[in-house]
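Student: Shown below is the structure under consideration.
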Amino acid sequence: MDVIASVLVVLVAALHAWFLVLEMFLWTKPAGLKTFRNTPEKAETTRVLAANQGLYNGFLAAGLLWGLLTSQWNVVVFFLLCVVVAALYGAWSVSRRIFYVQGLPAIAALAAIWLL
């Protein structure tokens, strides 16, 4: 895989690993409250849902790294497309900011892969 594509895939995986940490472990802490613009009360009532969401972000990161480490382009492309779909849904249902943070890096990685 091209170096630029590999770096972009690692970046997307790192972002999703960070989302796992934020959603599973920092959701009710100051970093999580600030990142997601939550009140402590709202964060506490949504804590379990956020942890579940964080787990799925971890699966995305793991799938991207698995595909990259085994040089399986089809796996990497599948997980990048999953990220793009999740970003589009998040942009539609929550905030457009989600598309910029999650979707654009994944689209950049896809473009780098397809331009090889």
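Bear in mind these aren't lab numbers, they're just calculated from the coordinates by the rules spelled out. Because the structure is predicted, anything quoted here is derived from the model rather than measured. With ideal geometry, Cβ positions are generated from the backbone for all residues, glycine too; neighbour counts draw on all protein chains shown.
Student: For Glu41, Glu23, which order do you get if you count the other beta carbons within 10 Å of each Cβ and list the fewest first?
Tutor: Neighbour counts put them in this order, fewest first: Glu41, Glu23.
Student: What ranking do 51-60, 6-15 get when scored by the average of other Cβ atoms within 10 Å per residue, highest first?
Tutor: Numbers: 51-60: 16.9, 6-15: 19.4.
Ranked from most to least packed, the peptides come out as 6-15, 51-60.
Student: If you compute Kirkwood radius over Cα pairs in Å for the structure shown, which of (i) 13.6; (ii) 17.2; (iii) 14.4 do you land on?
Tutor: It is the one labelled (iii).
Student: Moving to a separate point now. Hey, how many Å between the Cα centroid of the stretch 1-54 and the Cα centroid of the stretch 69-116?
Tutor: If you average the Cα positions of each part, the centres end up 16 Å apart.
Student: Between Trp27 and residues 5 or more places away or on another chain, which pairs have amide H atoms under 5 Å apart, with H built 1.01 Å from N, and which residues are they?
Tutor: Amide H neighbours of Trp27: none.
Student: Still on this structure, please answer the following. Span-like helices, the chain: DSSP H, alpha-carbon axial extent 20 Å or more, mean Kyte-Doolittle 0.0 or greater, which ones? Walk me through the intermediate numbers first.
Tutor: Details: long enough: 3-24 (31 Å, 2.37); 40-69 (41 Å, 0.33); 73-93 (30 Å, 2.01).
Long hydrophobic helices here: 3-24, 40-69, 73-93.
Student: Still on this model: Which of these, Gly63, Gly103, Gly90, has the largest mean-square fluctuation under a Gaussian network model of the chain (Cα springs below 10 Å)?
Tutor: Ranking Gly63, Gly103, Gly90 by mean-square fluctuation puts Gly90 first.
Student: Here's a follow-up. Rounded to the nearest 0.05, what FRET efficiency do Phe78 and Val7 have when you use their Cβ-Cβ distance and R0 = 22 Å? Let's see the in-between values first.
Tutor: Details: r = 19 Å, r/R0 = 0.88.
Calculated transfer efficiency: 0.70.
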